[in-house]
Amino acid sequence: MSEDLLAFVGGHPMVAERLVKLGMTDIASARSFLDSSEYKTSSPFELPDVEGAVDRLDRAIRTSEPVLIWGDFDVDGQTATALLYSGLKKLGANVQYHVPLRHGEGHGIYLPRLRDWLSRGIGLMITCDTGITAHESVDVAQGSDVDVIITDHHLLEQTLPRAHSVINPMRLPDGHKLRDLPGVGVAYQLIAALTSSASSAQGTDDLLDLVALGIVADVAKQTNETRYLLQRGIEMMRVTSRPGLRALLEMAEIDPLELDETDIGFGLGPRLNAQGRLSDAKDCVELLTTTDAARAQELAGQLESLNARRKLESKMIEDSAEYMLERDPSLLEYAVIVLSYPGWSGGVAGIVANRLAETWHKPVVLLCEEGDQAFGSARSVHGVNITQALHECRDLLLKFGGHSQAAGMTLRRDDIFDFRRRVSQAVRAQAPDLAEEPTLDIDGYICLPEISLDFAADLRRLAPFGNGNPPLTLATRDLRLVRSRGLGRRRDHLELLVEDRAGNRQKVFWWNAGNAELPESRFDLACTLRISRYKGRIEPILELIDLRPIASEEIEVDSAPAQFVIEDHRGHHDPQSKLAEMLGLYHDAIVWREGGAGIEGLNRNELKPAGTLIIWTPPPGPEEWSAALEIVKPRRLVLLDGDPVETSLESFLQRLGGLIKFVIGSRLGRTTLDELAAATAQRTGAVRYGLMLYGLSGRLSVNLREDGSVMIEKGPSSHSLPNRESLERLLRNVIDETVAYRRNWKPQQ
């Protein structure tokens, strides 16, 4: 990472590290990612067929031709329908909408219902979030002299429907900024193009709240234009005058001014989703478009009741699915878990399938048996395109569709067994290395004293989080559980109080913990950090992702390349004489010493293979210890009490200052982070923060390069740096963590 980028971003280095990981390696790209006002938007006319669609819609508006919007019942479809309806109404169109029923019509354009609408005399039909595979229905409409404009974002088939216009970002090349738009995003681009073509002064900003709602609910990939629209949309939602959204926010007890993507995903989205899954989603479109506050309150109350029913039915399906797996564990041997039952609600099967996929780390299909057929939902895991897998066994399916991570399907009940086998074969062929227990990538290690509102706010600059930009996964080591208590009506969640070796304590929330076993021994914790404003109390909280018990009260080393014998002479009254004795006894020995140790030996950068490793200076952390073992591969370890290592921020900075003088005077200012870390017996992170602190003095210019090299010169720094208080806090945390590690360090055989 360049120092210019680090200086521009400021704050905690993890923010800049995440930007680099996402491909934002220069200041311009970082600026446009963090600040929506700096993002350069794409023209909606870059989408194929938009220009023709705008011309056709303009003619329909001018002639008051009846226009029908054909929507979809999920939240992306609901918001896209509401957006097209609102946008076209504002431009003077004669427009109405139809949202299919999940039960009876399903996704897509249901032909009997289409014929009913055609008989009413419509002249133009626009689909949203659907239509890309509706060849027969499009042909029927076009054959009835009704032009069809398709707006969709789902996967393309080999041939496109013979519609007037097919607007789908999947027709754009990979990497195009509009390619990841969800259905509501595509609908917005069409209205934006139509509005600009009509030279309307009204604009489209008032539609962005609907766009944000659909993006989050559809778990769209938040890159490029999609992220920009979400950023703008959240801003608009905070000040929305839309009665339906304000009623929903009130029902969900969400403060509009503090609203973020989490509130949308867990507060608003599920309520709208419940209506579409269990009843008629056209009521959601009415809720999102009505100007009548009383009607909005009535509809929002209806959604609240259905959401409670959704939770109950989800729990019932989840319990019965878990019972099936307990009764027949062989079902877990397949690459895809396929379960079916006559009494399940197809409307909530997808929600439960998603939870089971997260639990078992493999795709899940839940089917509702009805007569001689079964219909249901699939949810996938990272690395498996479930719709592609369904395509491989399409001869067994009466109907299917979806995207890489979610799909719906209908098949004959007698084919369920063959389907389980075939879809599992397809997934194994697609992802042969699919792990039963996936690895968890950690963005950074923290210690409990580092957790603060400032730190959480710093990380929050990367928001909104979601698909393509998940919250940072943090880890903190060597904790113990002080106490726990259940949360929620059914105690489905847990609030944990954890404590580190130094006695620092922190609350951790474990959502949907259920009856999970609590750790009895010490453990490492993976979590996310966010700011909670629950009931007006503002505080940083950790949310558990996973925990890993530590097998021993001591810090174990399980990465040693081979077994070795340990001789522990710590506590000897004369360490130097014991060292001489060991060197005389073991001629294959090397001594690992760092910092100001006044004895002959090697630092971490000089270690080499040897039969005996004598440790004079304890390692500063687990990564340094593992690296040393990997290099030396000793058969014997000899532990001694070496010279005391600096254990305070002040003593460390004093030693680092002396080294800086030496480097400037004798090395022309050239050194490396590794070299300074070994000379101070600390971690490179401590050295990095220490050098930045010296750079704040105004008397030194410190240039930290990506390859770990360092250039130190006299004179003011040309880079902007984080403030002193933040740097001192970060440095103190790293040093305290090293002190705690050394205090409890004991290598294991």
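Taking each residue as 0.36 nm, the span from ILE566 to GLU725 lengthens on full extension beyond its C-alpha to C-alpha distance by 53.0 nm. Pairs over the 18 Å Cα-Cα cut-off, from the set LYS177/LYS221; LYS221/LYS282; LYS40/LYS177; LYS608/LYS633; LYS21/LYS221; LYS661/LYS714: LYS221/LYS282. Name all residues of the stretch 303-334 having a backbone nitrogen under 20 Å from the label point set 7 Å from the Cα of GLU250 along its Cα→Cβ direction, giving them as ranges. Taking a point 7 Å out along Cα→Cβ of GLU250, the residues of the stretch 303-334 whose backbone N falls under 20 Å are 303-308. Reported to the nearest whole Å, the Cα centre-to-centre distance from the stretch 283-346 to the stretch 603-618 is 59. Taking Lys and Arg as +1 and Asp and Glu as -1, the other residues whose beta-carbon sits under 10 Å from that of ALA406 total -1. For the stretch 113-139 versus the stretch 188-254, the spacing of their alpha-carbon centroids is 26 Å.
Against the main long axis of the alpha-carbon atoms of the chain, helix 183-197 sits at an angle near 70°. Indicate, rounded to the nearest 5 percent, the antiparallel portion of the DSSP beta bridges found entirely in the chain. DSSP beta bridges in the chain are roughly 60 percent antiparallel.
Of all segments of the chain bounded by trypsin sites (Lys or Arg not before Pro) found in a DSSP loop with no more than 16 other C-beta atoms within 10 Å, the longest spans 163-460.
With the simple spin-label model, which puts each label point 7 Å out from Cα in the Cβ direction, the GLU517 to HIS391 separation comes to 4.2 nm.
Looking at the square roots a ≥ b ≥ c of the eigenvalues of the Cα gyration tensor of the stretch 1-124, which shape do they give, rounded for a/c under 1.5, prolate if a/b is larger than b/c, or oblate? Cα axes put the stretch 1-124 in the prolate bin.
Placing a pseudo-label 7 Å from each Cα along the Cα-to-Cβ vector at LYS21 and ARG309 gives an inter-label distance of 4.2 nm.
Across every direction, the projection of the convex hull enclosing the Cα atoms of the stretch 141-275 has a mean area of 10.2 nm².
Both numbers refer to the Cα atoms of the stretch 649-744; Rg and Dmax are 12.8, 42 Å.
Label-to-label distance, ARG413 versus THR291, with points set 7 angstrom from Cα along the beta-carbon direction: 5.1 nm.
Among ILE446, ILE215, the order by Cβ neighbours within 10 angstrom, fewest to most, reads ILE446, ILE215. Charges were assigned to the Cβ only: +1 to each Lys and Arg, -1 to each Asp and Glu. The resulting dipole of the stretch 649-744 about its Cα centre is roughly 220 debye. Sorting VAL148, VAL239 from the fewest to the most surrounding beta carbons within 10 angstrom yields VAL239, VAL148. Of all lysines in the structure, the ones whose alpha carbon falls short of 24 Å from that of LYS507, not counting any fewer than 8 places away in one chain, are LYS535. When shorter helices are ignored and each DSSP H run of at least 4 residues is given -39500 (n - 2.57), the per-residue value for the chain at 222 nm works out to -12500 deg cm²/dmol. Rounded is the label for the stretch 328-430, because a/c, from the alpha-carbon gyration tensor with a ≥ b ≥ c as root eigenvalues, stays below 1.5. Summarising the strand pairing of the stretch 328-430, around 80 percent of its internal DSSP beta bridges are antiparallel.
Between the stretch 387-455 and the stretch 369-384, what's the alpha-carbon centroid distance in Å? Taking the Cα centre of each part, the stretch 387-455 and the stretch 369-384 sit 11 Å apart. Debye-formula intensities of the stretch 560-698, expressed as log10 I(q)/I(0) at q = 0.10, 0.12, 0.13 Å⁻¹, are -0.37, -0.52, -0.60 (one equal scatterer per alpha-carbon, no solvent).
Taken over the chain, the percentage of Cα pairs per 20 Å bin, counting from 0 up to the bin with the maximum distance, is 15, 41, 30, 13, 2, 0. Multiplying the residue separation of GLU600 and MET711 by 0.36 nm and subtracting their alpha-carbon distance yields 37.1 nm.
Computed from the C-beta positions of ARG31 and ARG113, the FRET efficiency with R₀ = 41 Å rounds to 0.25. Ordering HIS587, HIS135 by the number of other Cβ atoms within 10 Å of each residue's own Cβ, fewest first, gives HIS587, HIS135.
Sum up the charges of everything whose Cβ sits under 15 Å from the Cβ of ASN515, counting Lys and Arg as +1 and Asp and Glu as -1, but leave ASN515 out. Summing Lys/Arg as +1 and Asp/Glu as -1 gives -1. Size of the stretch 264-384 from its Cα atoms: along the principal axes, largest to smallest, the extents are 55, 34, 21 Å.
Would you please state the base-10 log of I(q)/I(0) at q = 0.12, 0.15, 0.19 1/Å for the stretch 403-515, with intensities from the Debye formula using one equal scatterer on every alpha carbon? So the normalised log intensities are -0.75, -0.97, -1.17. Select from GLY123, ALA212, GLY244 the residue farthest towards the positive end of the dipole of the stretch 45-305; place +1 on Cβ of Lys and Arg, -1 on Cβ of Asp and Glu, and compute about the Cα centre. Most positive-ward Cα: GLY123. In this calculation the C-beta distance from ARG533 to SER626 is compared with R0 = 45 Å, giving a FRET efficiency of 0.65. Note that the stretch 105-185, at 10 °C in a medium of 1.306 mPa s, gets a Stokes-Einstein diffusion coefficient of 121 µm²/s from its Kirkwood radius over C-alpha pairs. Along its three principal directions, the equivalent ellipsoid of the stretch 45-305 from the Cα gyration tensor extends over semi-axes of 27, 20, 18 Å, largest first.
Every number here is computed from the coordinates shown, using simple stated rules; none is lab data. Everything numeric here is computed off the predicted structure, so don't read it as measured data. In this analysis, Cβ positions are derived from the backbone assuming ideal geometry, glycine residues included, and neighbour counts consider all displayed protein chains.
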